[in-house]
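S.K.: Sharing a structure with you now.
The values are calculated or read from the model by the stated rules, or taken from the named source; none is laboratory data. Computed from a prediction, not measured in an experiment: that's the story for all the values here. Quick reminder, even Gly has a Cβ in these numbers, built from the backbone with ideal geometry, and neighbours come from all protein chains shown.
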Amino acid sequence: MPDRIVIAGALGAVGRAALEHFDRLEGWEVIALSRRAPDFDNGATWLSVDLMDAADCKAKLAGLKGVTHLAYAAVYEMPDVAKGWLTREHADVNIAMLQNLIRPLAAASPNLRHISLLQGTKAYGGHLGPFKVPAKESDPRYMPPNFYYDQMDWLAEERTRTGAGWRWTVLRPQVVCGLAIGSPMNVIAGVGAFAAVSREYGMPLRFPGGDPRIGEATDARLLARAMEWAATDDRAADEVFNITNGDVYQWEVIWPRIAELFGMEVGPRHPISLTRVMPGNAHLWPKIVEKHGLKPYSFAELVPSWGFIDFVLGHGQRPNPHNMSTIKARKHGFLDCIDTEEMFVELLREMQAQRYLPR
């Protein structure tokens, strides 16, 4: 019998990469959970489930037998992503979503063996300001609310309460880059949309972010491979791991490569808030979609949160490094890596090829 993996949040950057990765592997059957239908070919079984609705989860997951693995990549974000992280409501909704999924799933599939859970640098207080660099998995928690802690604590309590045999692994990536529509934290879509609108106005590509800074990122495809490792290697059981591409980047170095992809010249740096400027240019997007034969997503669907793009580009921030150590993952057997500059180019090309962005 093949392993059966449920991927929650299957149309986000992480979930989609995980779906495509496990879909290609022999011996795996993929069940994808999402409220929306996919717009790409795949071999997964799709279930439309609202994780915020306990009754909907129970009705649709109670009969899901034989599941051996869960990759949990679902997340609830408030309209103002950064401020939302400071609220109790944000934490309560996210812990409830995990509970709504695992309770009926574990009851229906008592042989569930492993759960992968996604976190990030907010586990180190990255959304509040600078933290100790490099951040390590053994670093202490900071002041709540933070649903990362709530989810970890609940998983430990639930396993003890039920006597379940499943193990868990927490993966902490940096800024995750991948293919996704409707994701509030997809910098690839944001940068690509900014370039497309600038080109439509006949402008050069001007960097809108803050002062030069060293960044760190995680390719969603690399994270999917880390999920496979976590699901199949006993050394990853009941552990927390930072997962990054393995190098660092600077936007000033990558920006000319992005301009080249869109056939643009690089203009002088011009720090602006995309949160303030870009919604006022939404009227151009239907014209760009028609002109280039793109898939008919709205501007807001493509980039739901310009605030996160501002954050990643460093607008209005001091150049505080948010780097993490990945030594623990290497010591436990995950040695994979990817060139971040090439990642940005590849993912933007793929979004162009799939007609989310103009060539």
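S.K.: In the list Ser48, Ser34, which residue meets the criterion of being buried (at least 21 other Cβ atoms within 10 Å of the Cβ) and assigned by TED's automatic domain parsing to the domain that holds Arg103?
M.R.: Ser34
S.K.: Output the residues belonging to the range 96-129 that are within 16 Å of Trp85 (Cβ to Cβ) and in a loop (DSSP other than H, G, I, E, B).
M.R.: Result: Gln119, Gly120, Gly125, Gly126, His127, Leu128, Gly129.
S.K.: Only one of Val191, Val187 is surrounded by 18 or more Cβ atoms within 10 Å (Cβ to Cβ), outside the structural domain of Val67 (by TED's automatic domain parsing), within 19 Å of Asn323 (Cβ to Cβ) and of a type in the set (A, V, I, L, M, F, W, C); which?
M.R.: Residue meeting the stated conditions: Val187.
S.K.: Moving to a separate point now. Identify, by number, the condition in (1) assigned to a loop (DSSP other than H, G, I, E, B); (2) in contact (Cβ under 8 Å) with a residue 24 or more places away in the chain; (3) over 22 Å from the mean Cα position of the chain (by Cα) that Met52 doesn't meet.
M.R.: (3)
S.K.: Find the helices (runs of 4 or more DSSP H) located wholly in the range 242-359 whose residues include 2 or more that are in contact with a strand residue (DSSP E or B) (Cβ under 8 Å, 6 or more places away or on another chain), and list them.
M.R.: Ranges flagged: 251-261, 327-331, 340-353.
S.K.: A further question on this structure: Is there a residue in the range 211-227 that is under 18 Å from Phe194 (Cβ atoms) and surrounded by fewer than 19 Cβ atoms within 10 Å (Cβ to Cβ)?
M.R.: no
S.K.: Looking at Tyr76, Tyr142, can you tell me which residue is loosely packed, with under 15 Cβ neighbours inside 10 Å, in contact with a Phe, Trp or Tyr (Cβ under 9 Å, 6 or more places away or on another chain), within 25 Å of Asp238 (Cα to Cα) and without any contact (Cβ under 8 Å) to a residue 60 or more places away in the chain?
M.R.: Tyr142
S.K.: Do we find a residue being closer than 21 Å to Ala189 by Cα, modelled with pLDDT of 95 or more and either of a type in the set (Asp, Glu) or not in a helix (DSSP H, G or I) (or both) anywhere in the range 12-33?
M.R.: So far as the range 12-33 goes, yes, one or more of its residues are closer than 21 Å to Ala189 by Cα, modelled with pLDDT of 95 or more and either of a type in the set (Asp, Glu) or not in a helix (DSSP H, G or I) (or both).
S.K.: Go through (1) within 19 Å of Ser116 (Cβ to Cβ); (2) out of contact with any Cys (no Cβ under 9 Å at 6 or more places or on another chain) and name the single condition Asp219 misses.
M.R.: Unmet for Asp219, out of (1) within 19 Å of Ser116 (Cβ to Cβ); (2) out of contact with any Cys (no Cβ under 9 Å at 6 or more places or on another chain): (2).
S.K.: Quick test for you: out of Asp23, Asp53, Asp39, Asp3, pick the one residue that is within 11 Å of Leu101 (Cα to Cα) and of a type in the set (Asp, Glu).
M.R.: Answer to the check: Asp53.
S.K.: Right, something else. Test Pro212 against the stated conditions and say whether it is outside the structural domain of Trp168 (by TED's automatic domain parsing) and modelled with pLDDT under 95.
M.R.: yes
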